[in-house]
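A short reminder: the numbers here are calculations on the coordinates, not readings from a lab. On a predicted model such as this, the values are computed, not experimentally measured, just so you know. Glycine gets a Cβ as well: all are built from the backbone with ideal geometry, and neighbour counts include every protein chain shown.
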Amino acid sequence: MNQSATQSKVAIIGLGHIGKAIAGNLIKGGHLVILASRDLEASKALAKELGPLATAKETREAIREAELIIPCISFSALNDFFKTNSAELQGKIIVDVSNPIAPDGKGGFKKIIAENESATSVLHEGIPKSAKLVKAFGTLGAAALISDAFAQPERKVLFYASDNTNSNSKIEHLILSSGFDPLHVGGLDSAIRIEVFGDLHQFGALGKTVTLTEAKSKLINPSFAGQ
Ligand SMILES: NC(=O)c1ccc[n+]([C@@H]2O[C@H](COP(=O)([O-])OP(=O)(O)OC[C@H]3O[C@@H](n4cnc5c(N)ncnc54)[C@H](OP(=O)(O)O)[C@@H]3O)[C@@H](O)[C@H]2O)c1
């Protein structure tokens, strides 16, 4: 069967560290990707570098064409992005990779929303009512996302959170195509666990990438539930 015929169309918007890492992994896994950023020429250059599975589009066109939208832009820019593109985002699955953090001035990072809130819970208000939000692809730093994709002999896990069970198979397919095993942590109220400082984040209590067996034990024995 032609693999591209079974794929959901995915648009990656914002081609910095994480956008490039996700795009590269998906292409390595044989997935088509639509790339967009504020600089169309830079998107076209990246698409050329990544090969024939990548195409570059202007942002609105990319969103219109795709079913799954992955905005890889800073947490603080996302609300504006949702407002500006609200018509195109109607009915789409929006994959939130963001972490609500900023430099703390001491070489580290601090959370910029309330301790008990997740980026996803804050952003949920701003997306079109007909769009579905999923938290995924933000659990690892960009370097680990690249180095640990397609791990042998056992794959590593990418956690995801979603309320809408209809989106799950599409997200799982995307995570598999990007070289990881998917693991559902629960509804969007669990998103805090897979953001920076959460118990299932590389830069939280988890501290590393894990296999499915290790991940499942962490999932049922949370050492930290974001409280
Ligand atoms: N880096 C990581 O290891 C990592 C890991 C997990 C999650 N995340 C999350 O991923 C998101 C992106 O982080 P990053 O490290 O990849 O940031 P980054 O390297 O600074 O890249 C962000 C990109 O977004 C673009 N951008 C900003 N506003 C835009 C808009 N309105 N429309 C289109 N493109 C826009 C920027 O383009 P311009 O050049 O035009 O400004 C830039 O290329 C953040 O929410 C972050 O919390 C990052």
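For the reader, a short list of remarks on this structure follows.
- Top-ranked residue of the stretch 8-22 - restricted to ones that are of a type in the set (Gly, Ala, Ser) and under 16 Å from residue 142 (Cβ atoms), ranked as farthest from the ligand (Cβ to nearest atom): 21
- Positions within the stretch 125-155 being more than 15 Å from the ligand (Cβ to nearest atom) and either under 19 Å from residue 13 (Cβ atoms) or among the basic types (Lys, Arg) (or both), in sequence order: 128, 129, 130, 131, 132, 155
- Here is the figure for the stretch 39-65: residues that are assigned to a loop (DSSP other than H, G, I, E, B) and closer than 25 Å to residue 141 by Cα total 3.
- Subset of the stretch 80-123 (residues that are assigned to a loop (DSSP other than H, G, I, E, B) and surrounded by fewer than 12 Cβ atoms within 10 Å (Cβ to Cβ)): 91, 104, 105, 106, 107, 108, 114, 115, 116
- The C-beta contact set for the stretch 167-185 (first residue free of Cβ contacts under 8 Å to residues at least 40 places away in the same chain and among the aliphatic types (A, V, I, L, M), second residue buried (at least 23 other Cβ atoms within 10 Å of the Cβ) and outside any helix (DSSP H, G or I), distance under 6 angstrom, 6+ apart or interchain) comprises 175/158; 183/157; 183/159; 185/159; 185/161.
- Within the stretch 65-72, one or more residues are near the ligand (Cβ under 9 Å from one of its atoms), crowded, with 22+ Cβ neighbours inside 10 Å and not hydrophobic (A, V, I, L, M, F, W, C).
- Looking only at residues in the stretch 128-149 that are in a loop (DSSP other than H, G, I, E, B) and over 16 Å from the mean Cα position of the chain (by Cα), the one that is nearest to residue 19 (Cα to Cα) is 128.
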